[in-house]
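Note sheet for the following structure.
The values are calculated or read from the model by the stated rules, or taken from the named source; none is laboratory data. Predicted model, so just to flag it, every value in this text is computed and none were measured. Virtual Cβ from ideal backbone geometry, glycine too; neighbours counted across all protein chains shown.
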Amino acid sequence: MRNNSLDFARVLHTAAWVWLGYLFLLAGIDTYLYAGRPLAILGQYYLIHGAIALLFLGFSYWPWMQKKLKAFYVPLMLLIIAGLPIVASRLWIRPFPPGPLSNIEGVTLRLLPVLFIGLVMTAWQYQWPVVGLFALGTAVLEISLVMTNTTTLPTQATATSAVIFVAIVRSVTFLVIGYFINVLVHRLRTQQEELVQANARLGHYASTVEQLSISRERNRLARELHDTLAHTLSGLSVQLEATQAYWDVEPETARNLLTRSLAATRSGLNETRRALKALRASPIDDLGLLLALQQLAESAAERGKLSLSLSLPHQMPSLSPDVEQCIYRIAQEALENVVYHANAQTLVIQLTLSEEEIYLKVEDDGLGFDMKHFQETGHYGLAGMRERAQAAGGKLAISSQSGKGTTVELHLKGF
């Protein structure tokens, strides 16, 4: 409501200045057309109409009027701009001297721009039935004043008929134009309301996306910490407990276990540093997905002393950052499992593209594992890979058997 009030206030201000500008322009034209003739009547005309226009201007810039009158403010402004000029022209101003637009029809035509401004105001603020009432009301008012005012009533019946004809044509024109203005204003307001609602929904959506992004980032951090610190500390705890048990019984065995614990600590530290580095910046941002995958595969093959079979497409279409991150992180997790747990000899990595899907496969010929056991225990690394795939709208399939290696397959719908 506040925005509508501000918009209508701008309409009133514009109407007031347009009205004054029209009077100045019309006064200049009359001065030229009536040069050498008495200008007293012209002065009276512009003095009265100028005073009405200034009254309208003052009320449009006076907030107290709107606050005090409330619902009566707009009808008062319409009465000033539409009713007073008609009354003034027919009752308060003497007939013009002979000249262009000096007859009774000419006076009617002079009022047309001012009444049109009132029409715009009415169509802006009210529904179309009120616009129709404005068009008919101005015509009825003018015709009744012309018919009853004996001081200005012409002796020719044709002049009165002309005024009636002009008023009727003007009313019909106002009805048509007012209807279209009213429809346009209504659509404008509807679009503004829809835009406000869309902005509210967009803000809610942005907030939801932000919360989801934070939640996913927390899950990612949890997965990285689990696969580095949790694994290292879990193994280190077991070895230290064994060291403590053998400390007094078999000191040599205890020293060997302690040496292994130190080695595991260094390895875990390196892995934690690697994970933190991966968290700070993604190689995708610097290299792109294909080069990042190639670098990741070659690094894994080198660290695990594996024979690498790498198949990547020559070019990649434009993918969303979430999809690229999903492909890269799942490949990274699968390769880390191969390097540290599979004890494999051969590593196969394949990425293919089609109109239907994006397909990633990471396969090794290592020790494999019992799928039933890992499903029961809920292995966190595998669960994290599945979460990434689901978040990107894809599916992850993991197949493995003890002694027969492991295959990780990611299926994403075509993009």
Considering each of Y328, Y340 in turn, give the residue that is under 24 Å from I284 (Cβ atoms), among the aromatic types (F, W, Y) and modelled with pLDDT of 85 or more.
Y328
Regarding region 238-260, can at least one residue be identified that is out of contact with any Phe, Trp or Tyr (no Cβ under 8 Å at 6 or more places or on another chain), touching a residue at least 24 places away in the same chain (Cβ under 8 Å) and in a helix (DSSP H, G or I)?
yes
So for region 37-52 (the condition being over 21 Å from E142 (Cα atoms) and among the aliphatic types (A, V, I, L, M)), does at least one residue qualify?
yes
Per the filter on region 41-64, residues aliphatic (A, V, I, L, M) and either closer than 13 Å to P85 by Cα or in contact with a helix residue (DSSP H, G or I) (Cβ under 6 Å, 6 or more places away or on another chain) (or both) are L42, L47, I48, A51, I52, A53, L54, L55, L57
Tell me, please, whether a residue that is charged (D, E, K, R), assigned by TED's automatic domain parsing to the domain that holds Q390 and more than 27 Å from S267 (Cα to Cα) can be found in region 320-333.
yes
Restricted to region 343-379 and to residues being out of contact with any Gly (no Cβ under 7 Å at 6 or more places or on another chain), surrounded by 15 or more Cβ atoms within 10 Å (Cβ to Cβ) and not in a strand (DSSP E or B), the residue modelled with the highest pLDDT is F369
Just to be sure I understand the filter: pairs with C-beta atoms under 9 Å, separated by 6 or more residues or on different chains, first member in region 127-140 and without any contact (Cβ under 8 Å) to a residue 40 or more places away in the chain and under 15 Å from R90 (Cβ atoms), second member of a type in the set (K, R) and buried (at least 17 other Cβ atoms within 10 Å of the Cβ). Which pairs pass?
A139/R170
Which condition does S5 not pass, out of (1) modelled with pLDDT of 80 or more; (2) over 26 Å from L141 (Cα atoms); (3) of a type in the set (S, T, Y), if it passes all the others?
(1)
Criterion: modelled with pLDDT under 75, in a helix (DSSP H, G or I), more than 30 Å from H341 (Cβ to Cβ) and not assigned by TED's automatic domain parsing to the domain that holds Q127 - qualifying residue of E224, E210:
E210
In region 296-314, anything touching a residue at least 24 places away in the same chain (Cβ under 8 Å) and more than 23 Å from A222 (Cβ to Cβ) is listed as A297, A301, R303, G304, L306, S307, L308, S309, L310, S311, L312, P313
Being at pLDDT 85 or above, crowded, with 21+ Cβ neighbours inside 10 Å and among the hydroxyl-bearing types (S, T, Y): is that true of T406 here?
yes
